[in-house]
Amino acid sequence: MPVFPKPKFPFEYNVAAEVARLRKHRKARAIPKREAGKLLVATWNIANLGAQQRRDQDLSLIAEIASWFDIVAVQECRENFGDLFDIQAKLPKSFRVLMSDAAGNNERMAFLYDSRKLAVLEEVGEIAFPPSRHKSIKLPGIDAQFNGFDRTPYLAAFSVGRTSMIFVNVHLYYGDEKPASIARRSLETFAVAKWADLRKRSPYSFTRELVALGDFNMPKCEPGDPIYEALTKLGLDLPEHSTQIGSSISSDANYDQIAFLPETTRDHFTGNKGVFDYDAVVFPELWEGGANAKNYKAYLRYYLSDHRPMWVQLSI
């Protein structure tokens, strides 16, 4: 994602007042409190984290939302990881960071997680297919060839409660809406599904539980959408969520998703899943009842994000 333009108009806000609005809306959106025996998992594309000049108060609002979850998969952390660690510093001291090296668009994939609830296990790495297996990543109606990921999905295994889970953090190729870009995006998506299927079948899979989450750049989470079809083709499960709100503040698209292996991890799903639309409540003085929508969205995109976090609750 190119860096968004920095707003040229002045607007200041009171952090405590905005945190109070966020917490009230959290209850309205039925996000449970963190508790023993349950794992609250979130994914959040925080636009150009480390590249846009967020201030301390902006990082405080981001950290407030992140603190509601046990683990957050973060996308669009740029090579400059300073803001990521500044967010961590605002979280409880038990929170840790794992992050990948920078890949396409100089982006890292990262996890913010509570080390009291999750312990890192021995497998931390990336999804990769040797060139000899690229030809196995194919879909009907697509003549293009899979040549690897633009931003390689990042994975980490954790011990959680009575089980262990691998979380796969993705930010898949977008490009544009032209057929060539859709084809490439579909192949990258199917590669994630293929990898998950191979892990499910392998006797050497490090964990039997698997959650693939992040920005899949999926326009619509429904049959007929090519990205949805590619992700679910080999069995990954995308249960509906209660809020039925898109994860993009601009288009209400369903870019961000959390997918499970239905034979194993789906059994841990409590039925609680949603999207947190922080943009419905923050900065009402700037929103002006919708009269200032253009400036409002420009401000959000730069200082917070153009994506909303998606979350799910799992029993552990």
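Values in this text are rule-based calculations from the coordinates and carry no lab data. The structure displayed is predicted, hence computed values, not measured ones. Reconstructed Cβ throughout: ideal geometry from the backbone, glycine too, with neighbour counts over all protein chains shown.
Using a simple spin-label model with points 7 Å from Cα along the Cα→Cβ vector, what separation in nm is obtained for ASN14 and HIS134?
That separation, rounded to one decimal, is 5.8 nm.
Calculate the dipole size of the chain relative to its Cα centre from +1 charges on Lys and Arg beta carbons and -1 charges on Asp and Glu beta carbons; express the result in debye to the nearest 20. Numbers along the way, then the final one.
Details: 41 positive and 39 negative charges, 106 e Å.
With Lys and Arg at +1 and Asp and Glu at -1, about 500 debye.
Here is the link list: LYS6/LYS294; LYS33/LYS297; LYS38/LYS90; LYS8/LYS297. Which ones come out longer than 20 Å on Cα distance?
Numbers: LYS6/LYS294 13 Å; LYS33/LYS297 29 Å; LYS38/LYS90 23 Å; LYS8/LYS297 13 Å.
In this structure, LYS33/LYS297; LYS38/LYS90 exceed 20 Å between Cα atoms.
For ARG34 paired with SER115, estimate the spin-label separation in nm (one decimal), with each label point 7 Å from Cα along the Cα-to-Cβ line.
1.4 nm
Among residues other than ALA102 whose Cβ falls under 15 Å from its Cβ, what is the net charge (Lys/Arg +1, Asp/Glu -1)?
Local charge sum for ALA102: -4.
Lysines within cross-link reach of LYS138: Cα-Cα under 18 Å, excluding same-chain residues under 8 positions apart?
LYS194, LYS233
7 Å from Cα along Cα→Cβ at both SER202 and THR264: what's the point-to-point distance in nm?
That separation, rounded to one decimal, is 1.1 nm.
Working out 0.36 nm times the residue gap between ASP252 and SER181, then minus their Cα-Cα distance, what length gain in nm do you get to one decimal?
Details: separation 71, 0.36 × 71 = 25.56 nm, distance 2.02 nm.
Extra length available between ASP252 and SER181 comes to 23.5 nm.
If amide hydrogens are placed 1.01 Å from N in the peptide plane, which non-local residues have theirs closer than 5 Å to the one on LEU121?
Answer set, sorted by chain and number: ALA157, PHE158, SER159.
How long is the gain from HIS25 to VAL97 if the chain were fully straight, where each residue apart is worth 0.36 nm and the alpha carbon distance is subtracted? Walk me through the numbers before you get to the answer.
On the way: separation 72, 0.36 × 72 = 25.92 nm, distance 2.69 nm.
Roughly 23.2 nm would be gained on extension.
Which whole-angstrom value gives the distance between the alpha carbon centres of segment 149-198 and segment 245-267?
12 Å
Tell me the angle of helix 293-303 to the major Cα principal axis of the chain, expressed in degrees between 0 and 90 and rounded to the nearest ten.
In the chain, helix 293-303 runs at an angle near 70 degrees to the longest axis.
Given only helices, namely DSSP H runs of n ≥ 4 each adding -39500 (n - 2.57), what is the per-residue ellipticity at 222 nm of the chain, to the nearest 500 deg cm²/dmol?
Working: 7 runs with 79 residues, N = 316.
That comes out to -7500 deg cm²/dmol.
Order of 256-262, 41-47 by packing, highest average Cβ count within 10 Å first?
Averaged packing, sorted descending, gives the order 41-47, 256-262.
Please work out how much length the chain gains when fully extended from GLN53 to ASP237, using 0.36 nm per residue of separation minus the C-alpha to C-alpha distance, in nm with one decimal.
Value of the extension gain: 62.5 nm.
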